[in-house]
Each structure stands twice: as structure tokens, then as C-alpha cells.
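The values are calculated or read from the model by the stated rules, or taken from the named source; none is laboratory data. What you see is a predicted model, and the numbers here were worked out from it, not measured in a lab. Neighbour counts are summed over all protein chains in view; Cβ atoms, including those assigned to glycine, are modelled from backbone coordinates with ideal geometry.
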Amino acid sequence: MTTARPHPIYGPPALLKNRAVQFLLLGFLVIPFFLPIPQVLRSNPVIGMLGDQVHVPLLAGLTLLLYWFGPLRGRLGRAALAALICGGAIEFLQLLVGRSARFEDFLLDAAGVGLAVGLVRWRGLGRREGLGAMAVIILVLAGQLYFLPGLILASLRAADIFPVVSDFEGPQDRWLWSTNYGAVTEFIPENDGNTYLRITGGPPGRWPGADMTHFPPDWTDYSILKVDVRHRSPGKQTVPFTVRLDDFRSRRDHVWISDHFRATDSWQTFSVPLGNRLVSQETRQFEFDDTFKLLFFLGDREDTNTIEIDNIRLE
């Protein structure tokens, strides 16, 4: 004797009872994960930063669709688990269309599944904890975006001053920079209005430094990247540092170009040649039409050092 599948305690809208609409909705929820993202959208300061958040409503919708229809109908726990498995599988299948598998995206998938479960428990069972869970997830997601207004303004300024990549003088410029391996970064204002970046790092960090993103990605019209650097490490004549560039595809194949220099205690201009360059691993050409990240690393792993950086520009 077969057991009848349970009815959903919170049912779908009447429109979704049409089988054709169900299949159209399933395609709408799944297909976006496999569409290549055009460069113009990735580099847009608003769309590029909000794009990852689409995982949340898409997985929430997929969870509800699995709960309302098909073999998992009415089984909320199984539908949620199946949606999570689909989300994890999609992350790896995206590699086939030139997109990357990211754990952060899977966490957003889980948030979307959690929202759907909370909605069903709240509206179907009248459980306040369902509404509470939804509120917590929404607050966490909103809290992770606290930086977004500053990041958008900084990205718009970066586009406005290009081919100056960074002069550190915009009020929101700090949002474009992140630290690596425990380094400490400071924006240092001078009396004449100039501002520069100070990076301090050392053991146990393997490659202490800082990186910048969200600048215009097309560098094909330029042949040299220039930057002014000096060190502030007492008792040392020179301090080694590395300038590295990643293109967007580097997120998948983990290659880059890099040049090594030594800074003195006086401002000097250092140049990184661009043009037709192989990546350091010599597996392909670097894609200067899709430049994604600029990184500075301190090269001395045995001691703590400080370098200061200013006027990063393309010529």
C-alpha cells in the first residue's frame, strides 16, 4: 500500500497550478546560474556588486517549487535538502560556462533555502519562529552589504579618474582596498592635501600586502603601470615588494603576472610593463581587456616592514 504524498501546508499561488507555468518558472530559477556574465555587467559598480545576491531569491524559489510540486511535494525538509544539493552542484557545473565555484555563493544559496523554510513554517503553520528566522537571515544579508554605498561611490570615482588607478584621495577609496595575510593598511593624509597608502606586514603572514578591485577593467590602451613607492622600515636600505595583476579568468585558473622591486626610503617611480605578456606560469596570455585585481606584497618574510604607495596610474 503506497502512502499518499502530503499536501503542502502553505500552498502555491493559483497561477502556478498550470503545469506549463511550473516548467517556465523552473527554467527561470535555474538557467541564470549557467549564463556567462558579460564584462559590462561584471564591471558595473552596482550590478557587479549586487549580482551575487541573486542566489538568495533563486534558491528560495527553487525550494518552494520543489515543496509544492513533484516527488517532494509537501515534504519541506526533503525539498530544502534537495535545493541545497542543487545549489552545491550548480556551483561546480558553472565551471563549464566560464563561471567560478565559490563557497560564498553556496552560503547565499543556504540563505535562500532558509528564507523559504521560514516562510512555509510562518504562513503554513503560524509559527512565529519561522518569521523570526526570516528576519534574522534578512538582517544578516543586509548587514553584509553595509559597505555597498561606499563601495559604489568609490567605484564610480575610480572610473572618473581613470587612467589614474588610485590616488587615495577620494573619501570612499578605502572600500576598494583589502588586506592580505594580516597586513595593516592606513590612508595617510599630508598637509598639502595629498594622501598615500601605508602597508605594514610581516611574520607569520606568508605574503602580507593589500589589493584593489573595482577599477575599470580594460587596460588595452596602455603599455605601463606606474606607481610611486618608498619604504619606512628603520635601519634598512631597501625593502623588497611585488606588484601583481590578476585578470578575471584568474579566479578559475589561478595564474597572474607579477614583477619584483626594491623600495628605498625615498619616493621612486616603479614601472610594470603591460602589453602582450604571458602569465607568470606561462600557460596563456594575460587578458588586459579584463583586468580584475591589483596586488602589492611585501617580499621579506623574516621581518616586519612598511612601504608607502601613491599615484598608481596607467600610461
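Got a number for residues in the stretch 214-230 being in a loop (DSSP other than H, G, I, E, B) and either closer than 23 Å to Gln172 by Cβ or out of contact with any strand residue (DSSP E or B) (no Cβ under 6 Å at 6 or more places or on another chain) (or both)?
Going through the stretch 214-230 one residue at a time, the tally reaches 9.
Of the numbered conditions (1) of a type outside the set (Asp, Glu); (2) within 30 Å of Ala111 (Cα to Cα); (3) surrounded by 14 or more Cβ atoms within 10 Å (Cβ to Cβ), Pro216 satisfies every one except a single condition; which is it?
(2)
Can you pull out the residues in the stretch 1-38 that are in contact with a helix residue (DSSP H, G or I) (Cβ under 8 Å, 6 or more places away or on another chain), modelled with pLDDT of 80 or more and among the aromatic types (Phe, Trp, Tyr)?
Tyr10
Whether any residue in the stretch 154-172 is in a helix (DSSP H, G or I), of a type in the set (Ser, Thr, Tyr) and out of contact with any strand residue (DSSP E or B) (no Cβ under 7 Å at 6 or more places or on another chain) is what I want to check.
yes
Would you check which residues across the stretch 282-308 are over 24 Å from the mean Cα position of the chain (by Cα) and in contact (Cβ under 8 Å) with a residue 24 or more places away in the chain and list them?
Within the stretch 282-308, Thr283, Gly299, Asp300, Arg301, Glu302, Asp303, Thr304, Asn305, Thr306, Ile307, Glu308 meet the criteria.
Let's see how each residue does on (1) at pLDDT 85 or above; (2) farther than 21 Å from Ile85 by Cα:
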| site | (1), (2) |
| --- | --- |
| Glu104 | no, no |
| Leu108 | yes, no |
| Val117 | yes, no |
| Gly124 | yes, yes |
| Glu129 | yes, yes |
| Gly132 | yes, yes |
| Val136 | yes, yes |
| Leu139 | yes, yes |
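Could you look through the stretch 274-292, keep only residues that are surrounded by fewer than 18 Cβ atoms within 10 Å (Cβ to Cβ) and in contact with a Leu (Cβ under 8 Å, 6 or more places away or on another chain), and pick out the one that is nearest to Trp219 (Cα to Cα)?
So the residue we want is Gln285.
Does Leu176 satisfy being out of contact with any helix residue (DSSP H, G or I) (no Cβ under 8 Å at 6 or more places or on another chain) and either in the same structural domain as Val272 (by TED's automatic domain parsing) or at pLDDT 95 or above (or both)?
No; evaluated as a whole, the condition is false for this residue.
How many of the residues in the stretch 253-312 are part of a strand (DSSP E or B), in contact with a Pro (Cβ under 7 Å, 6 or more places away or on another chain) and more than 25 Å from Asp173 (Cβ to Cβ)?
The number of residues fulfilling the criteria is 2.
Taking the condition under 22 Å from Asp160 (Cα atoms) and either among the small types (Gly, Ala, Ser) or outside the structural domain of Asp303 (by TED's automatic domain parsing) (or both), does Ser266 pass?
On the way: under 22 Å from Asp160 (Cα atoms): no; either among the small types (Gly, Ala, Ser) or outside the structural domain of Asp303 (by TED's automatic domain parsing) (or both): yes.
So Ser266 does not fit the description; no.
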